[in-house]
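> What follows is a structure written as structure tokens; I'll ask about it next.
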Amino acid sequence: MAQYAGRGVHGHTVEVIARRILTGEIAEGDTLNLAALQEELDVSLTALREALKVLTAKGIVDARQKRGTFVRPRADWNLLDGDVIRWQFADGADPLLIDQLHEVRSIIEPAAARLAASRASAEDVAALDAALDAMSDARGRPAAAVAADLAFHRGLLAATHNELLVRMEVVMKTGLAERDRLVHGRDSDDDPVPSHRAVVDAIRAGDDRAAEAAMCELLAKAVRDVEKLRGPDGDR
């Protein structure tokens, strides 16, 4: 599903309600008081209903006669939707969500690297090389570092030439971007290029086992980077 790109009053209304639900301020099963929300957010009932349509499409709310609009169980939410992931990061990086993102990456990306080693075209490898160059040029510029890292991982998925894996970009780019902002937003002398280059070199050589192993090591390093930012109790 495409990410929601609403702006202005409509976009603000969607985000406010979504974040309240995802943080538990409005609990699962609760019926929304539309009149109170309309007054608080200073929007028309039509505008409020249009905003709720966005959340309905993501499985977060639903409406029934006599019951009204209510929050659906979390099990029904489209947790792989890019906006839902982004909204969960809105008030700061959730350690549990970052850990779950890593688990997803550890399942997908080593296999993607293995496939890329046997399927990548010259154009795919060139795109990965360009991402490495951008990563190198981004030192000291957090926003540019995030963009370069996203380009690398997007390029990796594209190099598998598997349409379903490529679609995982929606999950990867949103969660990875938030994780990267946490890591790259702190002062660090660490150079991310060598660990990423090892993956690209293995893909270039067509060595699927080496590509998978290099990606596993890259992911292990990503975990260590996050752990450095957490206190002894495991919090960020």
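The values are calculated or read from the model by the stated rules, or taken from the named source; none is laboratory data. Keep in mind the model is a prediction, meaning the values are calculated, not measured. Glycine gets a Cβ as well: all are built from the backbone with ideal geometry, and neighbour counts include every protein chain shown. Just so you know, the surface numbers come from the protein's heavy atoms only, side chains and all, with ligands and any DNA or RNA stripped out. Shrake-Rupley method; radii C 1.70, N 1.55, O 1.52, S 1.80 Å.
> Is the stretch 36-44 home to any residue that is of a type in the set (D, E, K, R), open to solvent by 50 Å² or more (accessible area, probe 1.4 Å) and closer than 26 Å to THR174 by Cα?
no
> Among the residues of the stretch 148-169 satisfying the criterion of being part of a helix (DSSP H, G or I) and in contact (Cβ under 8 Å) with a residue 40 or more places away in the chain, which is most open to solvent (accessible area, probe 1.4 Å)?
LEU165
> Here is a follow-up. Given the conditions (1) touching a Ser or Thr at 6+ places or on another chain (Cβ under 8 Å); (2) at pLDDT below 85, report the number of the one that ALA159 does not fulfil.
Of (1) touching a Ser or Thr at 6+ places or on another chain (Cβ under 8 Å); (2) at pLDDT below 85, only one is false for ALA159: (2).
Yes or no, residue by residue, for (1) open to solvent by 30 Å² or more (accessible area, probe 1.4 Å); (2) in contact (Cβ under 8 Å) with a residue 12 or more places away in the chain; (3) small (Gly, Ala, Ser); (4) at positive phi:
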site: LEU55; (1), (2), (3), (4): no, yes, no, no
site: ILE85; (1), (2), (3), (4): no, yes, no, no
site: ALA113; (1), (2), (3), (4): no, yes, yes, no
site: GLU123; (1), (2), (3), (4): yes, no, no, no
site: ALA126; (1), (2), (3), (4): yes, no, yes, no
site: SER136; (1), (2), (3), (4): yes, yes, yes, no
site: VAL146; (1), (2), (3), (4): no, yes, no, no
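> Have a look at ARG86, ARG72, ARG49 and point out the one that is outside the structural domain of LEU157 (by the TED database) and in contact with a strand residue (DSSP E or B) (Cβ under 7 Å, 6 or more places away or on another chain).
ARG72
> Of everything in the stretch 50-109 that's basic (Lys, Arg) and in contact with a Gly (Cβ under 9 Å, 6 or more places away or on another chain), which residue is modelled with the lowest pLDDT?
ARG86
> Looking only at the stretch 63-83, count every residue that is outside any helix (DSSP H, G or I), farther than 16 Å from GLU25 by Cα and open to solvent by 40 Å² or more (accessible area, probe 1.4 Å) and tell me the total.
So the count comes out to 8.
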